[in-house]
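Reading through the structure tokens given below for one structure.
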């Protein structure tokens, strides 16, 4: 037998050991949390640092004279004649007027390259809206080309070798001159939110992709929420446990882990090849993402239903409610917050999904903003992928800008999930 | 062994009422193997519910063995016995709450006013409206007090309009002895009440449907003695209108509230009889051992 003192000494020693282990474990935990936060901060800093510029765009202020000879080539002021005018030439003439000393075809071409092709379209739109402008002069801000914009944002500088950079020394001189006169400045880039995709970075916007994503997600939500909830209710409340329900359960859990590109292949094979649905359409994208989201929603909904205490069901059954009434009056209202949270998280995943959409052709270059479920469209993450693949320097900025918009959507959706959970959760 | 006169009376259902002499060897230790016949008289005149040779199985487990018992009108029957003896299982057979348990199989006849409640034509919804149940743990819906009581009448269409429903809610709460305490906060959640109040709310919810029989599964086991006393008083008052079957672990409670007592042991109904006789003069050794606290 040990004496009480010996026991005390042993305990003391083991206590020290336990304390050390505990504090060590605490530090591991802190380190892990710190690393996590560190990487998130690095990621966000990187994306925001690269992408914030995409919300501002360079515009050049021109004194535009709508020369009738250029605007209406056949001399009549008809709409048809106005539509055939060379408005880009009007813009070019206005820019050349600012630098009368520039001569020679090659030099003029360099000067013209500061302007975006969009300048001509913008002027044409103005004249079409107000034919009275023909023959008059007005001051207009028009879009500058992507390289001009990059120089304005300090991403093309003289520090680079002239051979290797997209702008010549002379072009940089003109840009500086324009800037000094206040005729070239960065303004809010509304085009980024209102334009569809474009080969020209300065004209490219995310509206088409956002619309495509919304149509796709709408299909996904409308299909996956009711189907998922109905499946969960049936499996939890009505189906008797048998080999079949076990099999279904295992398969649902497996489906949740299937790589998303496999769902894309399935969508291609079934929806497009067998059912003949249009390619590149939000309808098909939505169907594919529904397949992908269903397991998530079913699993979350079943967990929410399981969390409803059995005593509530017994209480309702005990006073003579039918099984259907138990579900609709008691189980569903109590499980709904959990179901909604699961659905929103599933939707957020679907919003960020790229791979299956590549398989069904939603990776096409689509300029028009889609107007319906069967129009060709892309989605936001696919747009990110497309832009990241483009060689122009200005697309780097656009890519990060699109990622910021995508992340904003995801944060809002996850925030909504948290809010719903806290708001609707009832205690019993 | 004392044999009561009552137990010698011939019984409607054959020899069920015959006294049963406990074998000398029957003790608390080898009780499991003895095939049992119930001592005392299981039948009553004009029963509202009647169970004959009821057997319940949970999968392979034989939970209730050949139990026969009648429930009289305006009477409280207490079911006592050690944990796991099947008294709750038997209680839940009476309004088919066992239907919700998978693997549970019920054999035998249980009738309500002469009608077989396990008949294929019997609608469980209707049965449970006639045979209400109050559970061990108070389980009000996470809704307002008013909604808790109004739910049953609403789904069964018992009130024609709002005024009638209001009245029904009020009388039910009054009968459950809860009206005075909650009349000013009917719109507050039922889950915000104290445990005893919640249980009385559950009783109000049950009687709002106006059942003929009320089953109570250890209704006081989660309550303090004062709340329990209130429920006991309530049970005594309700006896005027309903037949009540109560499962309890508390023998004093059984003695206080019931007119007849049934003692269950490992799925067998060992003994049935008037409560005062069971507690003063049990026919069976097992019953005596249990009520004197030798095991249980």
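Observations
- Rounded to 10°, Cα long-axis angle of helix B:145-156 versus longest principal axis of chain B: 70 degrees
- The order of A:99, A:215, A:188, going from fewest to most other C-beta atoms within 10 Å of their C-beta, is A:188, A:99, A:215.
- Among B:82, B:219, B:138: highest mean-square fluctuation, GNM of chain B, C-alpha pairs under 10 Å: B:82
- Length added when fully stretched, residue A:367-residue A:4, from 0.36 nm per residue minus Cα-Cα: 122.2 nm
- Efficiency of FRET from Cβ geometry, residue A:27 and residue A:407, R₀ 25 Å, rounded to 0.05: 0.20
- Distance between modelled label sites at residue A:79 and residue A:390, nm, 7 Å Cα→Cβ extension: 3.2 nm
- The range A:179-205 and the range B:97-157 have their alpha-carbon centroids 70 Å apart.
- Degrees between helix A:169-180 axis and first principal axis of chain A (Cα, 0 to 90, nearest 10): 80 degrees
- The modelled label-to-label distance for the pair residue A:251/residue A:336, using points 7 Å beyond Cα in the direction of Cβ, is 3.2 nm.
- Residues residue B:224 and residue B:62, FRET efficiency given R0 of 56 Å [Cβ-Cβ distance, rounded to 0.05]: 0.95
- For chain A, modelled as a GNM whose springs connect Cα atoms under 10 angstrom apart, the maximal fluctuation among A:33, A:418, A:134 occurs at A:33.
- The modelled label-to-label distance for the pair residue A:69/residue A:262, using points 7 Å beyond Cα in the direction of Cβ, is 7.0 nm.
- Helical runs assigned H by DSSP (4 residues or longer) give the protein assembly as shown a calculated mean residue ellipticity at 222 nm of -15000 deg cm²/dmol, each run adding -39500 (n - 2.57) before division by the residue total.
- One Cα centroid belongs to the range A:250-284, the other to the range B:226-296; the line between them spans 64 Å.
- With a Förster radius of 41 Å applied to the beta-carbon distance between residue A:242 and residue B:180, the computed FRET efficiency rounds to 0.20.
- Test item: B:131-138 mean partner chain Cβ contacts at 10 Å: 3
- Footprinting exposure proxy ranking of A:330, B:156, B:265, fewest other C-beta atoms within 10 angstrom first, gives B:156, A:330, B:265.
Read-outs: derived from the displayed coordinates by stated rules, not from any lab. All of these numbers come straight from a predicted model, not from anything done at the bench. FYI the Cβ positions are ideal-geometry reconstructions off the backbone, even for glycines, and counts take in every protein chain you see.
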